């Protein structure tokens, strides 16, 4: 019996580097940020609803949104570049994996999900990616556009976009394609916990 295979779930540094580079491109595509750490952090929300065991509930009072993320994930605020429309970008990562969640809030003049779809598809076309699924969803009384796509062969991303209060709220759930099914339930939970005032 051969040891050390782990069912093909070991990833070399090159794949992880490509994934990280892709996420940086995705952030720039969604509004332009630098990936320098910031001292700002989300504030744990005063619990108004029960927090799911194994998750941490956070709320951004300034931008009026909150979510739950796995308690064993690390967080990092991505510093926003002056002059950009991005108001906030927060990254959540599962340590020692290429699995990442990015929440971006940016000023927006988009007024419909149809405009969101058109903007997304135009940007993805420039990256040469492939849409696997897309649909309109409702999360906590907010309509959104959800798309699952592959920007490159080794990566699978689920992105949900909401429009509210003159802003676009974007959740990007990303991992290596072979790990996607393993993290899909977590992605579902984070997306379904997302609230906007």
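The values are calculated or read from the model by the stated rules, or taken from the named source; none is laboratory data. Owing to the predicted nature of the structure, the values given are computational and were not obtained by experimental measurement. Every residue, glycine as well, gets a Cβ built from its backbone with ideal geometry; the counts of neighbours run over all protein chains shown.
In table form, for the structure just shown:
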| read-out | value |
| --- | --- |
| Options 68, 87: the member that is touching a helix residue (DSSP H, G or I) at 6+ places or on another chain (Cβ under 6 Å), in a strand (DSSP E or B) and at pLDDT 65 or above | 68 |
| Among residues of the stretch 141-164, those that are over 17 Å from residue 183 (Cα atoms), touching a helix residue (DSSP H, G or I) at 6+ places or on another chain (Cβ under 8 Å) and at pLDDT 95 or above, counted | 5 |
| Odd one out for residue 156, checked against (1) crowded, with 19+ Cβ neighbours inside 10 Å; (2) within 19 Å of residue 108 (Cβ to Cβ); (3) touching a strand residue (DSSP E or B) at 6+ places or on another chain (Cβ under 7 Å); (4) without any contact (Cβ under 8 Å) to a residue 60 or more places away in the chain | (2) |
| Enumeration of residues in the stretch 90-106 that are more than 13 Å from the chain's Cα centre (by Cα) and part of a strand (DSSP E or B) | 106 |
| Filter result for residue 135 (assigned to a strand (DSSP E or B) and farther than 27 Å from residue 51 by Cβ) | yes |
| Residue tally, condition touching a residue at least 12 places away in the same chain (Cβ under 8 Å) and either closer than 16 Å to residue 135 by Cβ or within 19 Å of the chain's Cα centre (by Cα) (or both), over the stretch 107-121 | 7 |
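Listed here are the residues, each with its yes/no results for (1) at pLDDT below 85; (2) surrounded by fewer than 16 Cβ atoms within 10 Å (Cβ to Cβ); (3) more than 21 Å from residue 156 (Cα to Cα).
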site	(1), (2), (3)
41	yes, yes, yes
55	no, no, yes
59	no, no, yes
74	no, yes, no
